[in-house]
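The values are calculated or read from the model by the stated rules, or taken from the named source; none is laboratory data. As the structure is a computational prediction, the values presented were derived from the model and not from experiment. Virtual Cβ from ideal backbone geometry, glycine too; neighbours counted across all protein chains shown. Ligands, DNA and RNA are stripped out before the accessible areas are found, and what is left, the full protein with its side chains, is counted by its heavy atoms. Shrake-Rupley method; radii C 1.70, N 1.55, O 1.52, S 1.80 Å.
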Amino acid sequence: MSKRDLVSLHDWSAAELAALLDQAADLKAKQRAGIPHALLPGETLALIFEKPSLRTRVTFEAGMTQLGGHAIYLAPQDIRLGERETVADGARNLSRWVDGIVARTFRHQVVVELAEHASVPVINGLTDLLHPCQILVDLFTIREKRGDLTGCRVAFIGDGNNVANAWCTGAAKTGVDLTIACPRGYEPDPSILHQAREDAKGTGACIQVLHDPAAAARGADVIYTDVWTSMGQEEERAKRVKVFQPFQVNRALVSLARPDVLVMHCLPAHRGEEITDEVIDGPHSVVFDEAENKLHVQKALLVALLGRQGGPR
Ligand code: CP
Ligand code: NVA
């Protein structure tokens, strides 16, 4: 059986994504009920992180424990992929010892190369281009709260960054209407947007990019935001705080959306910048349910990719 990766949601079909979200719901229910679900006994996951993480790291590590396996965290200074040895050689080595790899990198190409050269599944745990695990979690959370994704209207307010890019693909695959409102010059990656619009032909999803946050928020089912300064862009922070000010998710913006709007954020939040305390702590916010769901959805992903359904690889 050939191995499967998660580098981009583009590589997964709508049916596969739906099955994954179903599996996540099942695992969440089992965990809540205290039903053991050690589906990956004796399996080991390597976590390669070039950037900081709270949620992704802890949920993959805790998830492996709950599935009966084990995770090894490799900090940037531990392996220095691409410096101490090539990315390909790192992938070949790890493949001899572990059953799967999660990688959080600056350059997206590093995750692409890891996937190419590893004989075990590789999961993109965030790159400068994409954050697919996050969007799986977000889709799961919306489905859990709303019952259905098709036709749901999501307004992404802020930077056309890795999370926004992955949202374009995730929305296109699942029939979610996505409107991104960003400052001029901070639009999502054009090739990802193009690819998402092609993917959207299969589901009828409408993927728009505009520059007016109010227009995006009006009538939205979900208002979503992320930091204005992503990891690796710290030197641009002062400029970004000024440029993005009109894109803050505050009470006035939320009041334009549906009365039962969900407010979401992948976290970490820079309170007082992209979102006010009042909104993130307010009645519409589901950010901590969303954070919890990283555990359940990533466990489902691990089971889907690492589960030895056909015997040893
Ligand atoms: N949302 C998310 O990926 O959080 P971390 O950066 O803490 O992993
Ligand atoms: N866009 C953010 C997401 C963090 C989870 C970053 O890349 O820093």
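In the elastic network of the chain, a GNM with C-alpha springs shorter than 10 Å, the most mobile of GLY160, GLY69, GLY42 is GLY42.
Surface exposure of the stretch 144-218, expressed per residue as accessible area with a 1.4 Å probe, stands at 37 Å².
Rounded, prolate or oblate: which fits the stretch 178-313, taking a ≥ b ≥ c as square roots of the Cα gyration tensor eigenvalues, rounded meaning a/c under 1.5, else prolate when a/b beats b/c? Prolate shape, in that a/c is at least 1.5 and a/b is the bigger ratio.
Against the longest principal axis of the chain, how steep is helix 190-200, in degrees 0 to 90 to the nearest 10, with axes from Cα atoms? So the inclination is approximately 90 degrees. Of the residues ALA14, ALA252, ALA118, the one that moves most in a GNM of the chain with alpha-carbon contacts below 10 Å is ALA252. Among ARG92, ARG184, the sequence by solvent-accessible area, most first, with a 1.4 Å probe is ARG184, ARG92.
Computed from backbone phi, the HN-Hα couplings of the stretch 283-298 come to x, 8, 6, 10, 5, 7, 5, 4, 5, 4, 5, 4, 4, 5, 6, 6 Hz, rounded to whole numbers (Karplus: 6.51 cos²θ - 1.76 cosθ + 1.60, θ = phi - 60°; Gly and Pro given as x). Calculated mean residue ellipticity, 222 nm, the chain: -13000 deg cm²/dmol, from DSSP H runs (n ≥ 4) at -39500 (n - 2.57) each, averaged per residue and rounded to 500. Assign one of three labels to the stretch 126-186, namely rounded, prolate or oblate, based on the Cα gyration tensor with a ≥ b ≥ c the square roots of its eigenvalues; rounded applies when a/c is under 1.5, prolate when it is not and a/b is larger than b/c, and oblate otherwise. Because a/c hits 1.5 or more and a/b fails to exceed b/c, the stretch 126-186 counts as oblate. Sequentially through the stretch 213-226, phi angles give Karplus couplings (6.51, -1.76, 1.60; θ = phi - 60°) of x, 5, 4, 6, 6, 4, x, 6, 7, 9, 10, 10, 9, 8 Hz, Gly and Pro residues having no value and appearing as x. Cα axis of helix 55-66 to longest principal axis of the chain: angle in degrees, 0 to 90, nearest 10? It works out to around 40 degrees. Ordering of 203-215, 93-105 by packing is 93-105, 203-215, highest average first (other Cβ atoms within 10 Å, averaged per residue). In the context of the full set of protein chains, the stretch 1-49 has a per residue accessible area of 47 Å² (1.4 Å probe). Close Lys pairs in the chain, defined as Cα atoms under 23 Å apart and 8 or more places apart or on different chains, number 18. Taking one quarter of the surface of the C-alpha convex hull of the chain gives a mean projected area of 15.3 nm². Once backbone amide H atoms are built at 1.01 Å from N, VAL102 has ALA46, LEU47, ILE48, ILE123 as its partners under 5 Å, excluding neighbours fewer than 5 places away on the same chain.
Karplus-derived 3J(HN,Hα) values for the stretch 134-149, using 6.51 cos²θ - 1.76 cosθ + 1.60 with θ = phi - 60°, are 4, 6, 4, 5, 5, 4, 4, 5, 5, 4, 5, 7, 10, x, 8, 9 Hz; glycine and proline are entered as x. In terms of Cα atoms, the Rg and Dmax of the stretch 132-233 work out to 12.4, 37 Å. Of the listed residues SER13, SER2, the order by accessible area with a 1.4 Å probe, largest first, is SER2, SER13. Please label the shape of the stretch 1-52 as rounded, prolate or oblate, based on the square roots a ≥ b ≥ c of the eigenvalues of the alpha-carbon gyration tensor (a/c under 1.5 means rounded; beyond that, a/b larger than b/c means prolate, else oblate). Because a/c hits 1.5 or more and a/b fails to exceed b/c, the stretch 1-52 counts as oblate.
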